[in-house]
Amino acid sequence: MTLADKLAAEIGEGGPLTVAQFMTACLHDPQFGYYATRPALGEAGDFVTAPLVSQMFGELIGAWAAVSWQRMGEPAQVRLVEMGPGDGTLMSDVLRAARTAPGFLEACDVWLVETSEPLKARQAERLGDAVSWAAALADVPGDAPLILFANELLDCLPARQFVRTATGWAEQVVGLGADGRLAFRMAPTPANLLLPDAREGAVFEQSAPQEALGAELGARVVRDGGAALLVDYGRSLPGFGDTLQALRRHEKVDPLACPGEADLTVHADFPAVMAAARREGASAAILTQAEFLARLGIGERAEALVRARPDKAPAIGRQLNRLVAADQMGELFKACCLHSPGWTPPAFEEA
Ligand SMILES: C[S@@+](CC[C@H](N)C(=O)[O-])C[C@H]1O[C@@H](n2cnc3c(N)ncnc32)[C@H](O)[C@@H]1O
């Protein structure tokens, strides 16, 4: 039995799945889901994320967190939270860099929000008992200001897909082909859905879980004070396009070909996330990853690392390029900050 068999049987009985339902099954099915059973981050796995490219990424986010705390007036306690912490590398780099801000770590109550049991085990190996875990942000106590970061979390939060046909919008769903295998199909869109005007053939993605996270973070920083930093690949302006992507051993594969065996993502919908946070009264701003890291001083950090280890200069140069070059992660990836009104977290001045 594979996840493809299981889903085909479910679809045969209950009808097609939305793309969002399909993504949820592929990522989180308890028996077969990618994150539930075989998350493989890193060069030897399926995909590489920014913290795994270079320690500079996490160190600068550590500096961002520490300066945020200072700008908040150095509260005696803050919840330092990472959502979707992968193998724990990012939090480990953040905590090391944050040591340089006197008093910051002493004020931090550190939490990881994670749904994957195999990844929780890897995080525990790396971070030991310096952190606590929660399965959802709502389970992290809310009686202190929040400093939260998440890298490549939004892209795991599923989206539905709608296609503009000659006669109006239709929903792209996962059904069965004539051969009984999983196949994309068109279904009518629910009547209550408000979709924008678009030319024929346009694909519109809508992620209720991404918007819900924007709203939850917005409400939380307004209530408790603080800031949430979301870094991911995605759009900074509303737009169209099919961004569903499956990655296996660094290669793009057909999203329907091997459910549960590949990482499956959609682009972060930052405009929708920011709008949801603003509706809760939060402030929101966005930069490209290149601009965000430049404003935090990645150029100077790279020079310092090269001075300490001249033999590593070529590797450090390659890592810097991967993080900030326009044709690498620099432009496609964005850094979005949702924060309580009345102050501005570092890097987002006049963003
Ligand atoms: C693409 S990995 C990114 C890992 C890490 N942030 C990094 O940059 O290397 C996505 C992470 O989000 C976690 N995740 C996926 N869906 C989640 C959810 N609904 N709530 C919390 N974590 C989730 C995964 O288990 C994994 O740790």
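Note on Ala325 and Arg309: the extension gain reaches 3.5 nm, defined as 0.36 nm multiplied by sequence separation minus the Cα-Cα distance. Overall dimensions of the range 296-351, expressed as equivalent-ellipsoid semi-axes from the Cα gyration tensor (√(5λ), whole Å, largest first), are 28, 15, 7.
Remark on Thr189: its backbone amide H falls under 5 Å from those of Glu171, a criterion applied only to residues 5 or more positions apart or on other chains, H modelled at 1.01 Å from N. When each of His267, His28, His339 is scored by the number of other beta-carbon atoms lying within 10 Å, the sequence from fewest to most is His28, His267, His339. Per residue, the convex hull spanned by the alpha carbons of the chain comes to 148 Å³.
Rounded to whole numbers, the Karplus 3J(HN,Hα) couplings from phi for the range 270-281 are 4, x, 5, 5, 5, 5, 5, 5, 5, 4, 8, x Hz, using 6.51 cos²θ - 1.76 cosθ + 1.60 with θ = phi - 60°, and x at Gly and Pro. Assuming a ≥ b ≥ c are the square roots of the Cα gyration tensor eigenvalues, decide whether the range 138-208 counts as rounded (a/c under 1.5), prolate (otherwise, with a/b larger than b/c) or oblate. In terms of gyration-tensor shape, prolate. Electrostatic bookkeeping for Gln55 treats Lys and Arg as +1 and Asp and Glu as -1; over the other residues with beta carbon under 12 Å from its beta carbon, the sum is +2. Computed from Cα positions, the angle between helix 298-308 and the longest principal axis of the chain comes to roughly 60 degrees. Bridging of Lys334 to lysines at a Cα separation below 22 Å is possible for Lys252, once same-chain residues fewer than 8 apart are set aside. Taking every DSSP beta bridge that has both ends in the chain, the antiparallel portion is near 65%.
Once backbone amide H atoms are built at 1.01 Å from N, Ala268 has Tyr233, Gly234, Arg235 as its partners under 5 Å, excluding neighbours fewer than 5 places away on the same chain. Highest mobility in the GNM of the chain, judged by mean-square fluctuation with C-alpha springs under 10 Å and restricted to Pro85, Pro310, Pro255, is found for Pro310. As a calculated quantity, the FRET efficiency between Arg71 and Ala178 at R0 = 51 Å, using C-beta atoms, amounts to about 0.25. 3J(HN,Hα) along the range 252-262: 6, 10, 4, x, 8, 6, 9, x, x, 9, 10 Hz, from the Karplus curve 6.51 cos²θ - 1.76 cosθ + 1.60 with θ = phi - 60°, whole Hz, x for Gly and Pro. With a cut-off of 13 Å between beta carbons, the residues surrounding Thr344 carry a summed charge of 0, where Lys and Arg count +1 and Asp and Glu -1. The sum of -39500 (n - 2.57) across all DSSP H runs of n ≥ 4, divided by the residue count of the chain, sets its helix-only mean residue ellipticity at 222 nm to -11000 deg cm²/dmol.
Rounded to the nearest Hz, the phi-derived 3J(HN,Hα) couplings of the range 6-15 under the Karplus curve 6.51 cos²θ - 1.76 cosθ + 1.60 (θ = phi - 60°) are 4, 5, 4, 5, 5, 5, x, 7, x, x, where x marks glycine and proline. Net charge dipole, the range 3-339: roughly 660 debye, given to the nearest 20, about the Cα centre with Cβ charges of +1 for Lys and Arg and -1 for Asp and Glu.
Computed from the coordinates by the stated procedures, all read-outs in this text should not be read as laboratory data. All values derive from a computational prediction rather than experimental measurement. Note that we place each Cβ from the backbone using ideal geometry, even for glycine, and neighbour counts take in every protein chain shown.
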